[in-house]
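Worksheet for the structure shown next.
The values are calculated or read from the model by the stated rules, or taken from the named source; none is laboratory data. Values in this document were obtained by computation on a predicted structure and should not be read as measured data. With ideal geometry, Cβ positions are generated from the backbone for all residues, glycine too; neighbour counts draw on all protein chains shown. We work out accessible area using only protein heavy atoms, side chains counted, and drop any ligands, DNA or RNA first. Shrake-Rupley method; radii C 1.70, N 1.55, O 1.52, S 1.80 Å.
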Amino acid sequence: NEVSERHLCLADRLAFTKAKQKELESFFTNNVWSFDDPKTVPGERILTARFILTWKTQPDKSVKAKARLVLRGFQDPDAWEGTVPTSSPTTTRLSRSMLLSLASTMNWPIWTSDIATAFLQGKPQSRKLWVQLPNECLELLGASPDTRMLLLKPCYGQIDAPRAWYLAAVDKLKGMGLKQHPQDPCCF
């Protein structure tokens, strides 16, 4: 459930401020964007963004403030034209069953994991889009109200972010020497 800061005590607000700072750091760490001159930015290519705040339950059952900066993807002019490739496959049931059977037969351990900030680690985008950050971001960055960020990679809220992550993951797996199955592009 999304959290409204209006109803939080001071300690919880401070926790969410730290979460917002951490989220912004991940955008810079993953080279998702760069500062750009607002005078040269075409207005029709600007997307706005907002923070989504939630409490995340930790393994020890405690809760932690989580902030996610999400673009308003419905403002993407290329999405309206239908010119953005968005296919991002997932593994088939047959492949999943085959891999589970193989692991069981070979006595292999099975594990899963979560990639932190996965969508921020996708392949770079070739199209040009900019972000108008919410005021709370600008304050945390010490930036002026007319600041615009040039997007170098797709991120949360964009329709092509899952595809960019999928393509980056495929490149990594192939770089490790794994071969993609011809019948299931998510089975290596």
Tell me, what is the percent relative contact order of the range 22-137, built from C-alpha pairs under 8 Å that lie six or more residues apart? 36
Charge context of Q125, other residues only, Cβ under 9 angstrom, K/R +1, D/E -1: +3
Over its alpha-carbon atoms, the range 108-188 yields an Rg and a Dmax in Å of 17.2, 55
For the range 10-26, take each phi angle, set θ = phi - 60°, evaluate the Karplus expression 6.51 cos²θ - 1.76 cosθ + 1.60, and give the result in whole Hz per residue in order, putting x for glycine and proline. 4, 4, 5, 4, 5, 4, 6, 5, 5, 5, 5, 4, 4, 4, 4, 4, 5
Out of residues 5 or more away from V3 or on other chains, whose amide H comes under 5 Å of its own, with H placed 1.01 Å from N in the peptide plane? L53, T54
Could you check how much of the accessible area of the range 1-159 is carbon and sulfur, as a whole percent, using a 1.4 Å probe? 55
What does the charge count near P85 come to, summing +1 for each Lys or Arg and -1 for each Asp or Glu among other residues with Cβ under 9 Å from its Cβ? 0
For helix 93-106, report the angle its Cα long axis makes with the longest principal axis of the Cα atoms of the chain; keep it between 0 and 90° and round to the nearest 10°. 60
Mind checking the full-extension length gain between E5 and R127? Use 0.36 nm per residue of separation minus the Cα-Cα distance, one decimal, nm. 40.5 nm
Whenever you get a sec, line up K153, K172, K123, K22 from highest to lowest accessible area (probe 1.4 Å, protein heavy atoms). K172, K22, K123, K153
If you take percent of Cα pairs over 23 Å apart from the coordinates, which of (i) 54; (ii) 50; (iii) 41 do you get? (i)
Two-site FRET efficiency, D36 against T92, from Cβ-Cβ distance with R₀ of 41 Å, rounded to 0.05: 0.45
Expected max-MSF residue from T147, T92, T17 in the GNM of the chain (alpha carbon, under 10 Å) is T92
Taking Cα centroids, how far is the range 127-188 from the range 33-64 in Å? 12
Magnitude of the charge dipole, the chain, Cβ model with Lys/Arg +1 and Asp/Glu -1, debye to 20: 440
What 222 nm value per residue comes from the helices of the chain, counting each DSSP H run with n ≥ 4 as -39,500 (n - 2.57) and dividing by all residues, nearest 500 deg cm²/dmol? -10000 deg cm²/dmol
Could you compute the FRET efficiency for N107 and L167, with r as their C-beta to C-beta distance and R0 at 25 Å, rounded to 0.05? 0.15
Unit charges at the beta carbon, dipole of the chain: most positive-side option, I159, S95, I115: S95
Treating cross-link reach as a plain straight distance, find the aspartates and glutamates whose alpha-carbon is under 19 Å from the alpha-carbon of K22, omitting any fewer than eight places away in the same chain. E2, E5, D12, D114, E136, E139
Subset of K18/K56; K18/K172; K20/K61; K123/K174 violating a 25 Å alpha-carbon distance limit: K18/K172
